[in-house]
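The structure appears right after this line, and notes come after that.
The values are calculated or read from the model by the stated rules, or taken from the named source; none is laboratory data. These numbers were taken from a predicted model, which means no experiment stands behind them. Cβ placement follows ideal geometry from the backbone for every residue including glycine, while neighbour counts extend to all protein chains displayed. Remember, those area values only see protein heavy atoms, side chains included, never the ligands or the DNA or RNA. Shrake-Rupley method; radii C 1.70, N 1.55, O 1.52, S 1.80 Å.
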Amino acid sequence: MEKTARPKVAVVVFLLEDKKVLLGRRRSTVGRDTFALPGGHLEFGESFAECAAREVKEETGLDIENIEFLTATNNVVSDALHIVAIVMRAVPADPDQIPQNLEPEKCEGWDWYDWNNLLRPLFGPLEAMPRCGFDPLFPPILA
Ligand code: 8DG
Ligand code: MG
Ligand code: MG
């Protein structure tokens, strides 16, 4: 690895509908076949909320609102990948909008999953969050 390598910043989004979260099974090399949140890398000059809205739109076609910062996690994924993940939450702007799989090379498809009864395996950094007592549903969103 290059000596001057630095961590990257990603923004990931808990998109909530009642007690369900939007997850997609990854096709990317990192975390292949695991369920993960929509999200991606922060671009130069972007706010966290702008990045959250852009990544969700690019990956699922959904428009989001009530975008809030939840927490940040420091993810040393491998020797070559160190990501600071900014964790946001939001709700769909239109509950009738259906998520589309707009980046099929990176994801098998998006669907809503009960946060309290998740399918596994989850993507490593995501799996670690509930183990640490983190709950994206709390406090409840005041819409
Ligand atoms: P981009 O080119 O659109 O910017 O990136 P991407 O292809 O959408 O990136 P990604 O792998 O989906 O997300 C970037 C990084 O975010 C990923 O390498 C690891 C980190 N990350 C976490 N937790 C999660 C998560 O739950 N979902 C996603 N998608 N990424 C996560 O630490
Ligand atoms: Mg992504
Ligand atoms: Mg992306």
(message) Return the pair list, or none, for Cβ contacts closer than 8 Å from residues in region 77-106 that are free of Cβ contacts under 8 Å to residues at least 60 places away in the same chain and over 12 Å from V30 (Cβ atoms) to residues that are open to solvent by 40 Å² or more (accessible area, probe 1.4 Å) and within 14 Å of ligand 3 (Cβ to nearest atom), at least 6 apart or on different chains.
(response) L102/E58; E103/E58
(message) Give me the residue from region 5-30 that is more than 13 Å from the chain's Cα centre (by Cα) and under 13 Å from E108 (Cβ atoms) and, out of that set, most open to solvent (accessible area, probe 1.4 Å).
(response) R27
(message) I need the strands (runs of 3 or more DSSP E) fully contained in region 1-93, keeping only those with at least 2 residues that are among the hydrophobic types (A, V, I, L, M, F, W, C).
(response) 8-17, 20-26, 64-78, 81-92
(request) Please go through region 63-73 and pick out each residue that is over 19 Å from E17 (Cα atoms) and either without any contact (Cβ under 8 Å) to a residue 12 or more places away in the chain or of a type outside the set (S, T, N, Q) (or both). (result) A72
(message) Can you find a residue that is within 13 Å of ligand 3 (Cβ to nearest atom) and over 22 Å from C132 (Cβ atoms) anywhere in region 28-40?
(response) yes
(message) Return the residues of region 85-125 that are among the aliphatic types (A, V, I, L, M) and either at pLDDT below 95 or open to solvent by 40 Å² or more (accessible area, probe 1.4 Å) (or both); say none if nothing qualifies.
(response) A93, I98, L102, L118, L119
(message) Looking at region 95-143 only, could you name the residues that are part of a loop (DSSP other than H, G, I, E, B) and among the aliphatic types (A, V, I, L, M)?
(response) I98, L102, L118, L119, L137, I141, L142, A143
(request) Please verify whether region 68-81 includes one or more residues that are among the aromatic types (F, W, Y) and open to solvent by 60 Å² or more (accessible area, probe 1.4 Å). (result) yes
(message) I'm told P136 meets every condition in (1) surrounded by 14 or more Cβ atoms within 10 Å (Cβ to Cβ); (2) free of Cβ contacts under 8 Å to residues at least 60 places away in the same chain except one. Can you identify the failing condition by its number?
(response) (2)
(message) Considering only region 37-51, I want to know if a residue exists there that is open to solvent by 60 Å² or more (accessible area, probe 1.4 Å) and at pLDDT below 95.
(response) no
